[in-house]
Amino acid sequence: MKVVVIGAGVVGLSTAVCIQETYASCDVTVMSEKFPPEDIVSLVAGGLVVGTRGKFDTSDRIRAFIDTANYFTRLSFAENYQVHGVQMIDGCYCMATETYGEQLSEELMPISAASFRKVVPMSADECRDVMPYKPCSGWHVTSVCVDTRRYLPYLLNKFHRNGGHIRRCKVHSFSQVAQEYDVIINCTGLGSRELARDSNMYPVKGQLLRMETDKKVTDFLYFMNLSVKSDGSHTNFYYIPHGNEVVVGGSYIKDVENRNVDADLSRELEAMARQLHPVMKTGRVVKEYTGLRPVRRGILRIDKQIEVVDGKRTVIIHNYGQSQDGVAMSWGSALQVIELLAPELRINSRL
């Protein structure tokens with residue numbers, strides 16, 4: 001059966017490789033305008049697998065987080081970090097509260113915590129040490145960090161080794177590929193505004209910087225909603241080690257299409273990093289960059305449609321809307337695509 005995956009970000013490549021590893025009979029092609037290591041939004045990701053809670057925590061969304069966390073945990077022990085960029089890491093997951101060290105509801109705990117071995121409430125003194133100028137509460141957690149600069153090429157290389165094909169092009173409509181393929185899988189993120197005519201998709205701008213340090217940073221900090229605006233835009237603060245560098249972020253600015261770097265925000269993030277971690281006091285900023293997260297109003301979209309395109313029965317599976325959690329939901333989302341694909345393989349085998 002011929003399958004085309006449209007989109008070469010972390011969700012698209014994960015889906016393509018997952019299909020290959022599950023259904024060897026599938027002939028899989030990935031179509032995209034850009035492929036790693038070119039500038040795609042997945043390469044901008046901080047890559048911390050925590051699973052932030054949201055208003056639309058459906059069972060599918062929660063399952064995607066947990067399945068992805070389990071997959072990355074296995075991968076972190078299977079091969080060298082230099083190969084895939086995946087490592088287990090300890091750190092703190094915090095949020096602003098009225099006083100330091102409040103006992104938080106388990107409903108606020110990161111979703112992926114169910115997969116990791118350590119989730120311990122922080123004391124008031126520990127919270128004060130982490131964020132001395134803003135009351136907060138949270139947990140010590142073990143998580144997984146994914147350096148997408150390594151992980152995406154790793155996925156692409158695996159896809160090639162499995163016999164996959166790539167085609168560099170922009171897909172403007174499903175009719176463009178319907179005659180050639182039995183199944184179309186849409187992993188285009190923001191591109192689904194046009195390709196799937198999904199008006200619920202909108203961009204959220206994130207800004208980060210990379211710091212090079214003389215000593216390795218071995219822990220992470222993820223602080224939710226450090227500041228919040230009336231339109232829902234907000235600033236989280238996090239530092240996440242990627243090898244000998246540290247990713248520092250990041251903003252969540254709604255409905256902004258440009259990717260210009262805000263110099264004032266960069267200096268604010270840099271100053272906070274230097275204040276909060278002793279190793280970063282003497283760190284050097286080596287890059288400042290932005291990305292547009294593909295956010296969807298309402299729920300994550302993983303579903304299947306059967307349409308007649310130019311007279312042919314066409315199976316279209318959508319897999320997008322992971323928002324800022326593309327890395328953290330990537331493999332779990334792909335597994336749900338696999339479930340939707342299974343009946344089509346049975347139909348195809350009878351033809």
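The values are calculated or read from the model by the stated rules, or taken from the named source; none is laboratory data. Bear in mind the structure is a predicted one, so any value in this text is a computation, not a measurement. Because the Cβ atoms are built from the backbone with ideal geometry, glycine has one as well, and the counts that use them run over all protein chains shown. For accessibility, only protein heavy atoms count, side chains too; no ligands or nucleic acids. Shrake-Rupley method; radii C 1.70, N 1.55, O 1.52, S 1.80 Å.
Some notes on this structure:
- Kirkwood-based Rg to Rh ratio, segment 192-351, C-alpha trace: 1.11
- Across the protein chains, with a 1.4 Å probe defining accessible surface, the residues L292, L13 rank L292, L13 from largest area downward.
- Rg followed by Dmax, in Å, when the chain is reduced to its Cα trace: 20.4, 67
- Computed over all pairs of different Cα atoms, the Kirkwood value for the hydrodynamic radius of segment 1-141 is 17.7 Å.
- Positive-pole candidate from A328, I185, V83, dipole of the chain, charges at beta carbon: I185
- Highest to lowest packing among 164-174, 88-98, scored as the average C-beta count within 10 Å: 88-98, 164-174
- Secondary-structure-derived ellipticity at 222 nm for the chain, considering helices only, amounts to -9000 deg cm²/dmol, per-run term -39500 (n - 2.57) for DSSP H runs with n ≥ 4.
- Average Cα contact separation per residue, the chain, under 8 Å, 6 or more apart, as relative contact order %: 24
- Across K134/K281; K34/K254; K34/K158; K118/K205; K2/K170; K158/K312, pairs whose alpha-carbon gap is larger than 22 Å: K34/K254; K118/K205; K158/K312
- Alpha-carbon gyration tensor eigenvalues x 5, square-rooted, for segment 147-257, Å: 34, 24, 9
- Net charge dipole size for segment 209-351 [Lys, Arg +1 and Asp, Glu -1 on Cβ; Debye, nearest 20]: 300
- Average accessible surface for the chain: 43 Å² per residue, computed with a 1.4 Å probe over protein heavy atoms with every protein chain in place.
- The Cα-based radius of gyration and maximum Cα-Cα distance (Dmax) for segment 27-80 are 14.6, 38 Å.
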